[in-house]
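Trainee: I have a structure here, written as structure tokens, and I will follow up with some questions on it.
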Amino acid sequence: MFQIGEIEIYPVSAGLVQVDGGGAFGLVPRVLWSRYLPPDDQNRVPMTLTCLLVRAAGKTIVVDTGMGDKLPPKLVQQWGLTHPRGTLLDGLARMGIQPEDVDIVINTHLHSDHCAGNTTVGPDGELRATFPRAEYVVQRREYEDAIRPNERTRATYVPFNYEPLYRTGQLTLLDGDTEIAPGVRAVVTPGHTPAHQVVVFESGGQHALFVADLASYAVHFERLGWMTAYDVEPLVTLETKRHWQRWALDHDALLIFQHDTQKGAGHLHADAEGHPIVRPVEVVLA
């Protein structure tokens, strides 16, 4: 658990997937990125699906929901999805949290590995909200892009992860940076998608950032030119990271990385040559 002033932040595992190294590192040559994350014999690298349980101002908040339980066996195999520490709901249950206890769900964006757990199939075969009482929030632009995907984005924008929530009025669309609860802000960080958002925590003079896919791995945050092949606006990603690098240094902020298997969290510092480097801190998953 991380304590940021009066805010409690609990990283919770929603599983582990295996993705092609070329997707995870884009134009960076394999000879460079493999020094940081060696691939397997299929050129795959692991990505954790870390979500957050947040307690702030009396609210119980979940940030992102992982792959959920709706994937057919073929896609489970394609993703290499495993649950070494159980599902998101298992992790929440270990914290004493049942789905009906959650007040707010923040989706950083609507790619399947971040929001498929929004919905589940009920006993009647109908899709329903995984967290029945929760208000789900995402940027309006993100939702509009998700319901009108193009040839590049169609595979990762899957309507049954979010459209049922919109139809029932459970999905709130945000128009820019928004305070979700005291000390908890959703902030637009374009690049990975035009309306991708991070979650900023500020309380008691302390600061933290849930980086999400602004930087899938810590090395992506350290190196402005390194980013995934999934970023739809890579040059925008670069400039967005430049801004948040400065912010992280200025505030000595805790950075929480969603997909990194080696540096799940840390603080950004300058090394002996002045290069940004993330010094890791221990992450204890719920």
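The values are calculated or read from the model by the stated rules, or taken from the named source; none is laboratory data. This structure is a prediction, so every number in the text was calculated from the model and none was measured. Glycine gets a Cβ as well: all are built from the backbone with ideal geometry, and neighbour counts include every protein chain shown.
Trainee: Just checking, how many residues over the range 148-188 are within 15 Å of V137 (Cβ to Cβ) and out of contact with any Cys (no Cβ under 8 Å at 6 or more places or on another chain)? Can you show your working first?
Mentor: The first filter runs over the range 148-188 and keeps only residues within 15 Å of V137 (Cβ to Cβ), leaving 161-162, 165-166, 168-181, 184-188.
In the following step, the residues that additionally are out of contact with any Cys (no Cβ under 8 Å at 6 or more places or on another chain) were identified as 165-166, 168-181, 184-188.
Residues flagged as within 15 Å of V137 (Cβ to Cβ) and out of contact with any Cys (no Cβ under 8 Å at 6 or more places or on another chain) within the range 148-188 amount to 21.
Trainee: With respect to D231, is the statement that it is in a helix (DSSP H, G or I), in contact with an Asp or Glu (Cβ under 9 Å, 6 or more places away or on another chain) and not aromatic (F, W, Y) true? Write out each step before concluding.
Mentor: Numbers: in a helix (DSSP H, G or I): no; in contact with an Asp or Glu (Cβ under 9 Å, 6 or more places away or on another chain): yes; not aromatic (F, W, Y): yes.
Judged against the criteria, D231 is not a match.
Trainee: For the range 169-184: of the residues being surrounded by fewer than 17 Cβ atoms within 10 Å (Cβ to Cβ) and either closer than 22 Å to V236 by Cβ or modelled with pLDDT under 95 (or both), which is farthest from the chain's Cα centre (by Cα)?
Mentor: D175
Trainee: Let me spell it out: the conditions are (1) in a helix (DSSP H, G or I); (2) more than 23 Å from L16 (Cα to Cα), and F221 meets all of them except one. Which number is the exception?
Mentor: It fails just one condition, (2).
Trainee: Follow-up question, since we're still on this one. Among what's in the range 142-161 and is among the charged types (D, E, K, R) and free of Cβ contacts under 8 Å to residues at least 60 places away in the same chain, pick the residue that is nearest to H109 (Cα to Cα).
Mentor: Looking at the filtered set, the residue picked out is E142.
Trainee: OK, next. Could you tell me which numbered condition G266 fails, if it satisfies all but one of (1) of a type in the set (G, A, S); (2) in a strand (DSSP E or B); (3) surrounded by fewer than 17 Cβ atoms within 10 Å (Cβ to Cβ)?
Mentor: Among (1) of a type in the set (G, A, S); (2) in a strand (DSSP E or B); (3) surrounded by fewer than 17 Cβ atoms within 10 Å (Cβ to Cβ), G266 violates only (3).
Trainee: Moving to a separate point now. Which one of Y162, Y143, Y157 is more than 22 Å from I9 (Cα to Cα), of a type outside the set (D, E, K, R), in contact with a His (Cβ under 8 Å, 6 or more places away or on another chain) and modelled with pLDDT of 95 or more?
Mentor: On the way: Y162 fails: in contact with a His (Cβ under 8 Å, 6 or more places away or on another chain); Y143 fails: in contact with a His (Cβ under 8 Å, 6 or more places away or on another chain).
Going through Y162, Y143, Y157 in turn, just one is more than 22 Å from I9 (Cα to Cα), of a type outside the set (D, E, K, R), in contact with a His (Cβ under 8 Å, 6 or more places away or on another chain) and modelled with pLDDT of 95 or more: Y157.
Trainee: Let me ask something additional. For the range 58-79, does any single residue satisfy the condition of being under 24 Å from V198 (Cβ atoms), aromatic (F, W, Y) and either at pLDDT below 95 or touching a strand residue (DSSP E or B) at 6+ places or on another chain (Cβ under 6 Å) (or both)? Before the answer, list the steps.
Mentor: At the first step, the residues of the range 58-79 found to be under 24 Å from V198 (Cβ atoms) are 58-68, 79.
Adding the requirement that they be aromatic (F, W, Y) leaves 79.
Going one step further and asking which of them are either at pLDDT below 95 or touching a strand residue (DSSP E or B) at 6+ places or on another chain (Cβ under 6 Å) (or both), we end up with 79.
Among the residues of the range 58-79, at least one is under 24 Å from V198 (Cβ atoms), aromatic (F, W, Y) and either at pLDDT below 95 or touching a strand residue (DSSP E or B) at 6+ places or on another chain (Cβ under 6 Å) (or both), which makes the answer yes.
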